[in-house]
Every structure is written in C-alpha cells, then in structure tokens.
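Novice: Let me begin by handing over the structure; questions about it come next.
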Amino acid sequence: MAKVIVVTSGKGGVGKTTTSAAFAAGLALRGHKTVVIDFDVGLRNLDLVMGCERRVVFDFINVINGDANLNQALIKDKRHDNLFIFPTSQTRDKNALKREGVERVMEELKQQFEYIICDSPAGIEHGAITALYFADSAIIVTNPEVSSVRDSDRIIGILASKSRRAERNEPPVDVHLLLTRYDPARVARGEMLAVDDVKEILSIPLLGVIPESESVLRASNTGTPVVFDEDSPAGRAYIDAVARYLGEQREMRFVTAERRSFFRALFGRA
Amino acid sequence: MAFFRSLFQPKRNSASIAKERLKIVLAHERAGSRAPDFLPILQKELLAVVARYVEISEEMIRVTLGGSGDTSLLEINIEIESGKLKKSGSGSALGAAV
C-alpha cells in the first residue's frame, strides 16, 4: 500500500524543500519507487532544488484540470530510476488546488508509487492544508529556534484535527520530528535549543537531526538532493533519517560538537 | 578558569530562556486552541460574581476546559489572598446593584 508523507513546518525557510528532495531521493536509493510533489502553488521551487527546472512541461494544476495526464507531467530523475518529480504550477490562483482534483491525482499516484512525498508550502493556508490532508505520515521540519518550534506545534495540532485521517476518525497521522540546521557547538555553549529540549517541548518521536552544513547550499546551488553528496554530514544524516523511517535502528550522529583544532576554529567552519 | 568563564558568559544561557518561554506560550496556546468561545465570557461573569464577596483581580481566576476521551473537565481556579474576604453585607449590596 502506497504511503503519503507530508513534509511540513508552518514556518518558512526551515528546510522543507531540501528535506523533501533529500528524503525522496533517500527512499529511492533504498529501492522504493518514490514521487515528490510540490504543493507550493505560485512559488515553485522543488524543480530547482531537484535540478529539473528546464524539463518542466506540464504541472500539477494541468493534471488536475485534465489538460495533461499524469505521465506527461511526471519528470523522471536522471540520477535514479526510482525517483520522480511532480512540479507545481506558477499560477497566482492559490485556490487552484481543488481537493477533489488532488484526491483523484493522489489515487492515481498510489497505483504507481510506494511513497508519495508532499512538499508543503509554509503557513497554514489552503496550500498547506491541502498538502497535509491526505497524509499517512508527517515529517515536521523544525529549526532549534523559538518561532520554528512554536509553528511546528501549531501544525502538529492541525494534523490532528484537519487531516483526512482525523476527519474520518481513522488512526492518526504518524508525526516525526526532523530537527534541521542543528549546530552542536552552539548547543554546547547554551546558545541554541538542544535536541532533547525540542523533543520534550513538542513531544513527538525524533526521526533525525540534520547538522547545519555548507553542503546543503552547495546541493541546492547545483540542483542535487544532498543525499547524493556522500561527503556531506547533512546528506548522511538524511540517509540515517530515511533508514529510521523504514524501521531501522540507527544511532543519532552529528549531535555532539566535534573537537576542532585551534586553527580550524579560527579560519572557518567545516 | 571558572572565573574567566564567568567574565565572558552571560549569567544565564539563552537556550534555557528559549525553552522556558516556549513551554509557557505553548501550554497557553494548546489550552486555547481547544477551548470553546464562551470561556472568556464565563471567566468575566464568574469574576463579577466572586468579586461581590471577595476582593479579587482578573489574573486570580482561571477557567480551563480539559479532560480526555469522552469526558470534559471544566476547571475553575480562584485564588484568594487571606484577609481579603469582605465583611458580610457588602456582598448583598453589590448584588443589588448588578
């Protein structure tokens, strides 16, 4: 049975699209046929992060409106056979994502894919609600910072009340915390909320901690999901998170500060 | 060494302040998001009634709706400072005015 995973956060700029791209690619690398959908109508960016912006012909809205069929709009990733990208439209009509239309497309995607990753827009408006409505699982992307944690709490509440599972009194959406842009050195100095603090405040299970890393910007610069960068701590942390999602036990890496030489501390960060 | 550290470090680290602030604001918001609309009005009316008998201010009364599963629990907490009980008689006078 296909699983729908929403990547959401409430707050913008915390790493939803980066996470969607990395997680989808990670699932594909593990042998699962996966599609990642951009729900951010009007502010399409998943195509850029996935490096397929020049291959977009038809989009989500075209398929909903029946102007194109699903297979015309799906873009097959050039790096991995199991990975597909479903871009959104750049229309300004925010309500173009009609729930019935989205439902029909989701059902069709479930026939073809094992995992459907929904990259949610920020906020709690129509687009974000539509992105989470069909979810079986949710990845709550959170930065160790007060406004992000507060907005995550809000979106967890919305998942519990406004998702289809909630409306139908089905078992609730299983929610996972993914802490991103984590800086263990600052945590050690008491300048940043620690992973255990965020876990305690939000009281949802922890899927992973992604360290603040230069490789994330490098990945988006080049349009490559960060999991394809084997040298990247962030990429490896995402690979671990995917493994945990699939039920494996893996120790949390990158949560304690690395000892650095005096000169490296002076002249730049890894 | 500890002396030098105390020179350069602020008294309390900002992460623990963040944690405490978040806990307070989220406790408030979680309670608020499930509360029906009438709670603030109920709180005001209760305050008016109690004030006839006891000296009380707005922050001394808390009305929350909690519970789990099929049962709801309406909790009313009224804090009364000792010695602030009014003498009998004043209550009925105020009562007549309402």
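Listed here are the residues, each with its yes/no results for (1) within 12 Å of chain B (Cβ to nearest Cβ); (2) assigned to a helix (DSSP H, G or I); (3) closer than 21 Å to A:ALA22 by Cβ.
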{"position": "A:LYS110", "(1), (2), (3)": "no, yes, no"}
{"position": "A:GLY123", "(1), (2), (3)": "no, no, no"}
{"position": "A:ALA131", "(1), (2), (3)": "no, yes, yes"}
{"position": "A:ILE140", "(1), (2), (3)": "no, no, yes"}
{"position": "A:ARG154", "(1), (2), (3)": "yes, yes, no"}
{"position": "A:ILE158", "(1), (2), (3)": "yes, yes, no"}
{"position": "A:PRO172", "(1), (2), (3)": "no, no, no"}
{"position": "A:LEU179", "(1), (2), (3)": "no, no, yes"}
{"position": "A:VAL198", "(1), (2), (3)": "yes, yes, yes"}
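Novice: Residues in the stretch B:71-89: is at least one under 30 Å from A:PRO144 (Cα atoms) and either outside any strand (DSSP E or B) or at pLDDT below 80 (or both)?
Specialist: Looking through the stretch B:71-89, none of the residues is under 30 Å from A:PRO144 (Cα atoms) and either outside any strand (DSSP E or B) or at pLDDT below 80 (or both).
Novice: Among the residues of the stretch A:200-217, write down those that are in a loop (DSSP other than H, G, I, E, B) and more than 14 Å from chain B (Cβ to nearest Cβ).
Specialist: Those that are in a loop (DSSP other than H, G, I, E, B) and more than 14 Å from chain B (Cβ to nearest Cβ): A:PRO205, A:GLU212, A:SER213.
Novice: Give the stretch A:65-101 a look and list any residue that's aliphatic (A, V, I, L, M) and out of contact with any Asp or Glu (no Cβ under 9 Å at 6 or more places or on another chain), or say none.
Specialist: Scanning the stretch A:65-101 gives A:LEU74, A:ALA96, A:LEU97.
Novice: If only one of A:ALA237, A:ALA243, A:ALA219 is surrounded by fewer than 20 Cβ atoms within 10 Å (Cβ to Cβ) and in contact (Cβ under 8 Å) with a residue 12 or more places away in the chain, which one is it? Step through it out loud before you land on a result.
Specialist: Details: A:ALA237 fails: surrounded by fewer than 20 Cβ atoms within 10 Å (Cβ to Cβ); A:ALA219 fails: surrounded by fewer than 20 Cβ atoms within 10 Å (Cβ to Cβ).
On inspection, the qualifying residue turns out to be A:ALA243.
Novice: Using the structure shown, decide if A:ASP183 is at the interface with chain B (Cβ under 9 Å from one of its Cβ atoms), open to solvent by less than 30 Å² (accessible area, probe 1.4 Å) and either of a type outside the set (Asp, Glu) or under 28 Å from B:ARG12 (Cα atoms) (or both).
Specialist: So A:ASP183 does not fit the description; no.
Novice: Next up: Check the stretch A:95-103 and report whether any residue there is under 29 Å from A:ASP67 (Cβ atoms), aliphatic (A, V, I, L, M) and modelled with pLDDT under 95.
Specialist: Taking every residue of the stretch A:95-103 in turn, at least one turns out to be under 29 Å from A:ASP67 (Cβ atoms), aliphatic (A, V, I, L, M) and modelled with pLDDT under 95.
Novice: Quick one: would you say A:ARG150 is more than 12 Å from every other protein chain (Cβ to nearest Cβ), farther than 19 Å from A:PHE254 by Cα, in a helix (DSSP H, G or I) and open to solvent by 10 Å² or more (accessible area, probe 1.4 Å)?
Specialist: no
Novice: Ok, one more. Look through the stretch A:186-196, keep the residues that are part of a loop (DSSP other than H, G, I, E, B) and touching a helix residue (DSSP H, G or I) at 6+ places or on another chain (Cβ under 8 Å), and return whichever of them is most open to solvent (accessible area, probe 1.4 Å).
Specialist: A:GLU191
Novice: Working only within the stretch B:41-70, note down all residues that are modelled with pLDDT of 80 or more, open to solvent by less than 80 Å² (accessible area, probe 1.4 Å) and within 13 Å of the chain's Cα centre (by Cα).
Specialist: B:GLN43, B:LEU47, B:ILE56, B:SER57, B:MET60, B:ILE61, B:VAL63
Per-residue answers, yes or no, for (1) modelled with pLDDT under 95; (2) within 28 Å of A:ARG154 (Cβ to Cβ); (3) out of contact with any strand residue (DSSP E or B) (no Cβ under 8 Å at 6 or more places or on another chain):
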position: A:GLY10; (1), (2), (3): yes, yes, yes
position: A:ALA21; (1), (2), (3): no, yes, no
position: A:LEU48; (1), (2), (3): no, yes, yes
position: A:GLY66; (1), (2), (3): yes, no, yes
position: A:PHE86; (1), (2), (3): no, yes, no
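The values are calculated or read from the model by the stated rules, or taken from the named source; none is laboratory data. Computed from a predicted structure; not experimentally measured. Here the Cβ is made from the backbone with ideal geometry for all residues, glycine too, and neighbour counts use every protein chain on show. All accessible areas refer to the heavy atoms of the entire protein, side chains included, with ligands and DNA or RNA removed. Shrake-Rupley method; radii C 1.70, N 1.55, O 1.52, S 1.80 Å.
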